[in-house]
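The values are calculated or read from the model by the stated rules, or taken from the named source; none is laboratory data. Because the structure is predicted, anything quoted here is derived from the model rather than measured. Because the Cβ atoms are built from the backbone with ideal geometry, glycine has one as well, and the counts that use them run over all protein chains shown. Please note that ligands, DNA and RNA were not included when accessible areas were found on the heavy atoms of the full protein model with its side chains. Shrake-Rupley method; radii C 1.70, N 1.55, O 1.52, S 1.80 Å.
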Amino acid sequence: AKITYIEHNGTRHEIDVPDGLSVMEGAIRNMVPGIDADCGGACACATCHVYVDEAWRAKAGERSSMEDSMLDFASEVQANSRLSCQIKVTPELDGLVVRMPEFQG
Ligand code: FES
């Protein structure tokens, strides 16, 4: 699925991410800056924080309760905040837009 990652400074990265990977893995494998992913996708670090574009919030799904508590460690959390390692890329997410926060952690 095509995912658009937008850095805090506005730089856009349009990446074709294979289905089954997470939104975080799509960024890391393509060296998109702005996602650190210190824990490697275990929902244990909150350094893969992204803001899901409003138009995509429903499709991207709800935070799990574990993800929700981990987000307490992220800064500038908003209603559309997600941990990108917890969003799995599927064909339905083709066109997804996420924005990265200024800082991770
Ligand atoms: Fe650590 Fe997502 S990579 S919580």
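Key figures
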| item | result |
| --- | --- |
| Mean projection area, nm², convex hull over Cα of the chain | 5.5 nm² |
| Amide H contacts under 5 Å for residue 46, placed H, 5+ residues apart | none |
| Expected 222 nm ellipticity per residue - DSSP helices of 4 or more, -39500 (n - 2.57), all of the chain, to 500 | -3500 deg cm²/dmol |
| Positive-end residue of 39, 66, 86, charge dipole of the stretch 38-105 with Cβ unit charges | 86 |
| Rounded to the nearest 20 debye, dipole of the chain from Cβ charges on Lys, Arg, Asp, Glu | 140 debye |
| Of every Cα-Cα pair in the stretch 14-67, the percent that sits beyond 12 Å | 69 percent |
| Per residue accessible area of the chain, 1.4 Å probe, in Å² | 52 Å² |
| Accessible area of the chain belonging to carbon and sulfur atoms, whole % at 1.4 Å probe | 48 percent |
| √(5λ) per eigenvalue of the Cα gyration tensor, the stretch 59-105, largest first, Å | 20, 13, 8 |
